[in-house]
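The values are calculated or read from the model by the stated rules, or taken from the named source; none is laboratory data. The model shown is predicted, which means the values in this text are computed figures rather than measured ones. Here the Cβ is made from the backbone with ideal geometry for all residues, glycine too, and neighbour counts use every protein chain on show. The area values use the complete protein model at the heavy-atom level, side chains included, leaving out ligands, DNA and RNA. Shrake-Rupley method; radii C 1.70, N 1.55, O 1.52, S 1.80 Å.
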Amino acid sequence: MTSISATGTGKLPRTSQVDTLVIGAGQAGLSTARELSRLGVDCLVLEAAPRIADQWRHQYDSLRLFSSNKISHLPGKKLPGPSNGYCTKDEFADYLQSYAQGLDLPILTGAQVTSVTRTAQGFSVHSRAGNFTSRNVVVATGPHGAQPAIPACAADLDPQILQLHSSQYRRPGQLRPGSVLVVGASHSGCDIACELAATHRVQLSGRDTGEVPVPWESRRMGALTHVLAFAFRHILTRRTPLGRKTRGKMLEHGAPRLRVKKADLEAAGVRWSEQRVTGTDQGLPVLGDGTRCDVQNVIWATGFHHDYSWLQLPVLDDAGWPREYRGVSADIPGLYFCGLAFQYSMASMMLLGVGRDARYVARRIAGRPGT
């Protein structure tokens with residue numbers, strides 16, 4: 001790997017022209033770069049952060065992967081640790097950095113992309129580290145430049161109430177004494193609510209998206225791992241009616257709970273209302289049934305607005321989602337995506353499936369005329 005920093009250490013590429021630019025050095029971008037390299041495609045990876053895997057290091061302290069080490073790895077390199085263990089977010093960040101070091105291609109850090117436009121020869125890509133031209137672009141950013149999806153009523157809360165988006169939350173010690181309202185009952189919301197219940201009175205607000213009924217780290221779950229992995233990879237795909245139905249539900253409503261169950265929340269003392277926050281009353285959050293929540297802290301576990309405004313190409317649908325199939329743009333030749341939710345299957349949003357998606361995209365690039 002030629003590790004290049006845009007912040008002064010290292011050396012920028014001599015030329016700004018490259019066959020394929022991969023935007024994002026997370027698990028999807030690194031997997032795609034590896035597959036391109038194996039196929040002999042010249043590529044450069046642009047990473048916005050000052051170092052690889054910072055997006056993982058900045059998650060809340062107690063975060064662990066939802067899939068076990070034996071199935072949570074990228075092509076060509078196993079995760080260290082017990083096969084039935086679940087690595088922490090920092091351990092996985094170290095793994096990604098180590099993975100990147102084994103790739104024989106340039107990775108430019110500190111290179112946040114600010115625009116991608118079309119040219120007669122391919123694409124023009126502007127970044128904070130310089131400008132590039134390429135025949136192909138792979139968008140492997142996840143919610144690149146995404147903004148926290150915080151309801152407008154948050155601005156009307158009493159200024160004495162501490163508000164944090166889940167992306168800002170690290171540990172219980174950040175919060176003020178008193179009670180907490182966690183808004184959003186998906187993975188991060190349930191994780192955070194359960195953790196905070198040890199030190200605060202916690203109320204959870206959000207729709208029930210369902211749950212996998214088996215305890216996530218139990219022996220029974222270990223026995224079911226391969227069954228679920230097969231289903232996620234080969235049954236719940238965009239090629240099957242069940243897979244398409246599941247994809248539609250997940251993109252609109254979110255995934256079922258995995259590690260933290262409803263019973264865990266009840267045992268921890270978390271009070272859960274499926275009512276949404278609809279406004280405020282005298283500076284306090286109000287739920288849809290009129291309940292006023294007298295709290296000193298609010299955690300907005302409400303996800304992100306996926307911001308593709310920097311992708312200045314007509315490739316998004318009415319919901320702001322890329323029009324693609326298996327990562328291949330439906331509108332513009334040479335434009336690809338990797339790391340999208342349900343890109344091909346349920347496994348696409350897990351480490352279990354990102355390698356297959358990356359291989360498919362890389363093969364399509366390698367098969368383009370002129371590559």
TODO: Read through the list (1) over 30 Å from His126 (Cβ atoms); (2) buried (at least 21 other Cβ atoms within 10 Å of the Cβ); (3) at pLDDT 95 or above, then give the number of the only condition that Met346 fails.
DONE: (3)
Task: Residue under evaluation Glu35, criteria (1) touching a Lys or Arg at 6+ places or on another chain (Cβ under 7 Å); (2) open to solvent by 60 Å² or more (accessible area, probe 1.4 Å), criterion not met - done: (2)
TODO: Inspect the range 220-232 for any residue being within 21 Å of the chain's Cα centre (by Cα), small (Gly, Ala, Ser) and open to solvent by less than 30 Å² (accessible area, probe 1.4 Å) and give the result as yes or no.
DONE: yes
Task: Val182 closer than 30 Å to Ala48 by Cβ and not in a helix (DSSP H, G or I) - done: yes
Task: the range 191-219 - residue that is in a helix (DSSP H, G or I) and open to solvent by less than 20 Å² (accessible area, probe 1.4 Å) and, of those, farthest from Val260 (Cα to Cα) - done: Leu196
Task: Residue match in the range 282-301 (condition: among the acidic types (Asp, Glu) and buried (at least 21 other Cβ atoms within 10 Å of the Cβ)) - done: no
Task: Where a residue in the range 162-187 is closer than 21 Å to Asp264 by Cβ and its partner, wherever it lies, is part of a helix (DSSP H, G or I) and open to solvent by 20 Å² or more (accessible area, probe 1.4 Å), with Cβ under 7 Å and at least six apart - done: Ser166/Ser188; Pro172/Glu195
Task: Extreme residue, most open to solvent (accessible area, probe 1.4 Å), among residues of the range 233-252 that are closer than 17 Å to Gly184 by Cα and among the hydrophobic types (A, V, I, L, M, F, W, C) - done: Leu251
TODO: Check the range 228-237 and report whether any residue there is outside any helix (DSSP H, G or I) and in contact with a helix residue (DSSP H, G or I) (Cβ under 7 Å, 6 or more places away or on another chain).
DONE: yes
Task: Every residue from the range 164-181 that is surrounded by 17 or more Cβ atoms within 10 Å (Cβ to Cβ) and more than 20 Å from the chain's Cα centre (by Cα) - done: Pro172, Leu175, Ser179, Val180, Leu181
Open item on the list: Please go through the range 41-94 and give me each residue that is at positive phi and open to solvent by less than 10 Å² (accessible area, probe 1.4 Å), ordered by number.
Closed with: Ala53
Open item on the list: The conditions are (1) small (Gly, Ala, Ser); (2) modelled with pLDDT under 95; (3) open to solvent by less than 90 Å² (accessible area, probe 1.4 Å), and Ser273 fails exactly one of them. Which is it?
Closed with: (2)
Task: Search result, residues across the range 95-123 that are surrounded by fewer than 17 Cβ atoms within 10 Å (Cβ to Cβ) and either of a type in the set (Gly, Ala, Ser) or under 22 Å from Asp54 (Cα atoms) (or both) - done: Ser98, Gln101, Gly102, Asp104, Thr114, Ser115, Ala120
Task: Complete set of residues in the range 258-285 that are in contact (Cβ under 8 Å) with a residue 24 or more places away in the chain and in a strand (DSSP E or B) - done: Arg271, Trp272, Ser273, Val277, Thr278, Gly279, Thr280, Leu284, Pro285
Open item on the list: Only one of Gly353, Gly339 is under 14 Å from the mean Cα position of the chain (by Cα), in contact (Cβ under 8 Å) with a residue 60 or more places away in the chain, more than 20 Å from Gln121 (Cα to Cα) and part of a loop (DSSP other than H, G, I, E, B). Can you tell me which?
Closed with: Gly339
Open item on the list: Checking Gln147 against (1) open to solvent by less than 10 Å² (accessible area, probe 1.4 Å); (2) under 17 Å from the mean Cα position of the chain (by Cα): exactly one of these is not met. Which one?
Closed with: (1)
Task: Among (1) more than 19 Å from Pro151 (Cα to Cα); (2) at pLDDT below 95; (3) assigned to a loop (DSSP other than H, G, I, E, B); (4) open to solvent by 30 Å² or more (accessible area, probe 1.4 Å) - the single one Ala319 does not satisfy - done: (1)
